Structures are given as C-alpha cells and as structure tokens.
Amino acid sequence: MDELPHGTYHSFRLPDGREIRGQADTFERLKALHLPEDLSGLDVLDIGSHEGFYSFECERRGAKSVVAADKITWEMFPEHRTTFDTMHGIFDSDVEVVVSSVEDLVESLDGKQSDLTLFLGVLYHAPDPFEYLRIVKQVSKGLVVIETVVDFLDVDLPVLAYYPGDTYNGDTTNVTAPNIPALRAMMEDAGFHDIEIFEPHEKHRIHQLHANAAVYPRSLVSKLRSRLLKPTISGRVVVHARAD
Ligand SMILES: C[S@@+](CC[C@H](N)C(=O)[O-])C[C@H]1O[C@@H](n2cnc3c(N)ncnc32)[C@H](O)[C@@H]1O
C-alpha cells in the first residue's frame, strides 16, 4: 500500500477502516451536505477538490465518472496535490484530474456539463462571486451542491461582506461572503432554480472584525461589538439547487 500522508487538510477513512484525521473534519462536513447516497449513473464535477475527499466519496457512492478540478492550492501547496495523488492510489481511483482555475473551467472542460456539481468552500475566495456562480451554472446540468461562508445572518436585506486583506480568519484568500437573501438572489440571477438553503451548520461571531483594529476604526469596531453582543452573524451554509 502507498505510504500514508501526514498533516493532511482533509480527513479520510481508508479501505481497511483506519482513519487519517486532517485539519478539516470532512466526515462531519459530509453529513451537512445532504448528498444523495446513491450516485450511480451520474457524472460528477468537484470544483476546488483540494485533497479530493469529496471526489473519492462520490466515486464510492457509485458515480459513473468524477472530475476533480483545482489549481490554486495544487500549485501553491504541492503537498496537498501529493496527498490527492496518494489517496487516488490508495483508493485505486478512476477520478480524473483537471487542473483549472474556476475562471477557465468552461474552456478546460470543453463545454462538458455534469449531472452533479460540488462547489464546496470556494465561493468566498471569489473576487467576483456572481461570476463564479454563473460559471458553476454553465458547467452543470443537474443538482449543484454549494457549501460556503455566509455573513450578516441577522440582516434581512440582501448584502455582501467584503474582507480586505486577511480580515476573515487571517487568510488573504477569503474575499467576500453574501448573506442568505443575497446568496439566493445571486443564484436566481445566475439561472439556478429549486434553490434550497439549509440551516447554517456553523455559526460564528463576527470574529474578523475583532481581529484587525488597524483596518477598522476603533469606534466602528466598538459600535459593531455592541450591536453584535447577542447575534452570531457569520456562518456556513449548504445550498442545493438545480441547473437543468
Ligand atoms: C477552502 S478549500 C476547499 C476545499 C474542498 N472543496 C473542501 O470543501 O474541503 C478552497 C479550494 O478552492 C480552490 N480555489 C479557490 N479559488 C480558486 C480558483 N479561482 N480557481 C480554482 N480553484 C480555486 C483552492 O485551490 C482550494 O482547493
């Protein structure tokens, strides 16, 4: 058997039952996705596959084909691509790799559309989230499952949060997050239908605003703090929608 990877991002369960515990609890996250148990006959696309946990899981659930697409992490942190390749070997997988940015995806896939598209943990990295949703719609012709950060959960009007620098979780690649009405509206405008947004599976205080007093004036931070004493206003949701 291939040597087991260490210090992984995804958690994995090996064919012999052993577990690799990564930084992300993919077993718990998987439950929140409400993925159909039986994917037989479906062509699946996993956009932003990273170390591939969800791609391999779709294959395990009987998908006819699975494409794992990613670029940024695989190029910036090759150890994650190495983990993907090692797990591909361990699972004796037929998952196909497409190295592509979201921006180039329609071209990279030659216009092919999938029956099930996973877009997990990617939308908040988008400089232009509406454009990303339109691309996801273009490469899909069935169920689309999105998992993403949402913010301003206590605001009823559609709004988007913008995170300058590393103000969301200390990570400069986190750029923006809609609240739930904005996410729904953007998805409708991108052409999705039958949009179901599940209850947030995580909720947080607006910790990014506490983090960086240099970016946000002290008076704004203290105003927001007092406004936010009770509500937990950012979080993560899963969305199911149809692209056919
Ligand atoms: C937070 S990780 C999520 C990984 C996995 N989908 C999950 O849910 O565990 C975000 C992934 O999106 C990818 N990503 C972000 N922006 C991207 C872009 N513009 N083009 C391609 N991939 C991108 C990153 O490379 C990374 O693998």
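The values are calculated or read from the model by the stated rules, or taken from the named source; none is laboratory data. Just so you know, these numbers come straight off a predicted model, no measurement behind them. Backbone-built Cβ (ideal geometry, glycine too); neighbour counts: all protein chains shown.
What to note about this one:
- From the list SER40, SER49, SER55, SER100, the lone residue that is more than 10 Å from the ligand (Cβ to nearest atom) and either under 21 Å from HIS240 (Cα atoms) or modelled with pLDDT of 95 or more (or both) is SER40.
- Hits in the range 128-144 - residues which are assigned to a strand (DSSP E or B) and among the charged types (D, E, K, R): LYS141
- In this structure, TYR54 qualifies as surrounded by 15 or more Cβ atoms within 10 Å (Cβ to Cβ) and closer than 17 Å to LEU143 by Cβ.
- In the range 64-93, residue surrounded by the fewest Cβ atoms within 10 Å (Cβ to Cβ) [restricted to those that are within 20 Å of GLU147 (Cα to Cα) and more than 9 Å from the ligand (Cβ to nearest atom)]: VAL67
- Once the range 103-122 is narrowed to residues that are near the ligand (Cβ under 9 Å from one of its atoms) and crowded, with 16+ Cβ neighbours inside 10 Å, the residue that is nearest to ALA63 (Cα to Cα) is LEU118.
- Scope the range 185-214; condition surrounded by 13 or more Cβ atoms within 10 Å (Cβ to Cβ), over 16 Å from VAL150 (Cα atoms) and at pLDDT below 60; matching residues: HIS210, ALA211, ASN212
- Only one of the numbered conditions (1) more than 16 Å from SER140 (Cα to Cα); (2) modelled with pLDDT under 95; (3) not acidic (Asp, Glu) is not met by PHE91, and that is (2).
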